[in-house]
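Values quoted throughout were computed directly from the atomic coordinates according to the rules given, and no laboratory measurement underlies them. Note that the structure is predicted; figures quoted are calculated from it, not measured. Methodologically, a virtual Cβ is constructed for each residue, glycine included, from the backbone with ideal geometry; neighbour enumeration extends over all protein chains shown.
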Amino acid sequence: MTARVLEMVNLFLRKTMEGGWDAGDREDLVETLVKQGHNPSDINAALSIVEKIQQRLDFPYTGIQHSLGENFFIYLEEFHVPLEVRGYLSQLVKLGVIDPIQREDLVERILLMEPEDVTIEEVEDLLEDMLSSQKKSPGHFDETISDFYH
């Protein structure tokens, strides 16, 4: 069994690495293997191994293991938040406008929105609401109060 699974892993990996191999090609190859008498559970095991290898190639191990909940949150963010908005949020963190925790809070609020409503302008409004509702730390300079007294 192990030798057959490894042969299928090798076959699937070779096809994947050659490029231009889509889900339809994969289904055709699986059907061919089943017709040749290969055990479907062996084929599924091989596909699972190939998928894990492909994930490691696409996203190499960085030494940080995320919990299942974190992975799910990351997947939701990638699926629901447009690329330009994710870039905007990353830029805000990089510039120090918000910290990573505030970014997560902002993403949680964005996830409650309809996908077609998620724009940079809407995120700016959410950010303004979020930052204005937070308590100011001692010694925090607030321009609105300063402008009032001058």
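What order do you get for 113-123, 97-107 when each peptide is scored by the mean count of other beta carbon atoms within 10 Å, highest first? Before the final figure, lay out the partial values.
Working: 113-123: 12.5, 97-107: 15.2.
Final packing ranking: 97-107, 113-123.
Mind listing the phi-derived Karplus ³J(HN,Hα) values for region 26-35, rounded to whole Hz, using 6.51, -1.76 and 1.60 with θ = phi - 60°, and x for any glycine or proline?
5, 4, 4, 5, 4, 4, 4, 5, 5, 5
How much length is gained on full extension from L83 to I49, taking 0.36 nm per residue of separation minus their Cα-Cα distance?
That works out to 9.3 nm of additional length.
Want the number for F73 to L95: 0.36 nm per residue separation, take away the alpha-carbon distance, what's left? Please list the in-between numbers first.
Numbers: separation 22, 0.36 × 22 = 7.92 nm, distance 2.34 nm.
Gain in length upon complete extension: 5.6 nm.
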